Amino acid sequence: MQEVLAIIGKRPIKGFSKTRLAKDLGEDKALVLYRAFIDDFFKLIPKKYKIYFFGTPNDAATKKYFQEITELNFFFQKELPFFARLKDIFKTIERLEGAECFVHLTGTDIPDFPFAELESVGEDADVYVGPDRDGGYYYIGAKSGRQDIFDISVADGSRSVFTKTMQLCEEKGDRVRLLKEWSDIDTKADLENSSLYEKYEKIIKK
């Protein structure tokens, strides 16, 4: 089965990306860090994945920025509510790859993403979820035809995202396997808990 890594991400721009981290560290440091997060994240990706990237803002500079990092299939994110955007990503991949394709979905702000957790994904459950320490999830995986897993109505950043997703999967009779708890880096506290903190501390002190 074709495995696709679907990635959502923002181009590093002051006042647009990593705004919560910027409140803690200042916009200049947050921007430098986010660029480092993106570079480290892409270096970790195993070669077996076909990459579909969904970027924002919707301009030529965004496409150029990410296509210069690595070979990928680039799309702009639709201007939709967050979960409607994720649903559209699954629809796009199903249209291009077919319903039997397996989609791994995550974002660019996890520079130490635990890719080893994905080795057996697709073999023993219908939906795979990587719970985040903030009550959401940093990863979700399912066949590309399963865009119904995003049929939930909660605000971005809600602590109930993970719970609502689990409830929906239970209602649909899905077998769910949880991956290791991990976290993206949105705040200074997230940064300090990162396995790469020592490296990033050196970057912001330059």
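Please go through the range 1-60 and pick out each residue that is aromatic (F, W, Y) and not in a helix (DSSP H, G or I).
Answer for the range 1-60, where residues must be aromatic (F, W, Y) and not in a helix (DSSP H, G or I): F16, Y49, Y52, F53, F54.
Hey, I185 hits all of (1) surrounded by 14 or more Cβ atoms within 10 Å (Cβ to Cβ); (2) assigned to a helix (DSSP H, G or I) but one; which does it fall short on?
Going through the list (1) surrounded by 14 or more Cβ atoms within 10 Å (Cβ to Cβ); (2) assigned to a helix (DSSP H, G or I), I185 breaks only (2).
Would you confirm, using the coordinates I've provided, whether K91 is out of contact with any strand residue (DSSP E or B) (no Cβ under 7 Å at 6 or more places or on another chain), at pLDDT 95 or above and more than 21 Å from D126 (Cβ to Cβ)?
In short, no.
Please pick out the residue among F16, F54 that is under 25 Å from L80 (Cβ atoms), touching a residue at least 24 places away in the same chain (Cβ under 8 Å) and crowded, with 20+ Cβ neighbours inside 10 Å.
Numbers: F16 fails: crowded, with 20+ Cβ neighbours inside 10 Å.
From the options F16, F54, the qualifying one is F54.
Per-residue answers, yes or no, for (1) part of a helix (DSSP H, G or I); (2) under 12 Å from G9 (Cα atoms); (3) in contact with a His (Cβ under 7 Å, 6 or more places away or on another chain):
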| site | (1), (2), (3) |
| --- | --- |
| T62 | yes, yes, no |
| A84 | yes, no, no |
| R95 | yes, no, no |
| L105 | no, yes, no |
| S120 | no, no, no |
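Hey, among I185, I149, which residue is farther than 26 Å from G26 by Cβ and modelled with pLDDT of 90 or more? Reasoning before the result, please.
Details: I185 fails: farther than 26 Å from G26 by Cβ.
On inspection, the qualifying residue turns out to be I149.
Pairs please, first residue from the range 103-126 and touching a residue at least 40 places away in the same chain (Cβ under 8 Å) and surrounded by 16 or more Cβ atoms within 10 Å (Cβ to Cβ), second anywhere and of a type in the set (K, R) and assigned to a strand (DSSP E or B), Cβ atoms under 6 Å, 6+ apart in sequence or on different chains.
Short answer, once both residue conditions are applied: A125/R177.
Considering I45, I69, I149, which residue is surrounded by fewer than 18 Cβ atoms within 10 Å (Cβ to Cβ) and more than 15 Å from the chain's Cα centre (by Cα)? Give the derivation first.
Working: I45 fails: more than 15 Å from the chain's Cα centre (by Cα); I149 fails: surrounded by fewer than 18 Cβ atoms within 10 Å (Cβ to Cβ).
Step by step, each of I45, I69, I149 is checked, and only I69 is surrounded by fewer than 18 Cβ atoms within 10 Å (Cβ to Cβ) and more than 15 Å from the chain's Cα centre (by Cα).
Out of G26, G9, report the one residue that is touching a strand residue (DSSP E or B) at 6+ places or on another chain (Cβ under 7 Å) and within 28 Å of E198 (Cβ to Cβ). Full working, then the answer.
Values: G26 fails: touching a strand residue (DSSP E or B) at 6+ places or on another chain (Cβ under 7 Å).
Only one candidate passes the filter, namely G9.
The values are calculated or read from the model by the stated rules, or taken from the named source; none is laboratory data. Because the structure is predicted, anything quoted here is derived from the model rather than measured. Using ideal geometry, Cβ is built from the backbone for each residue, glycine included, and neighbour counts are taken over all protein chains shown.
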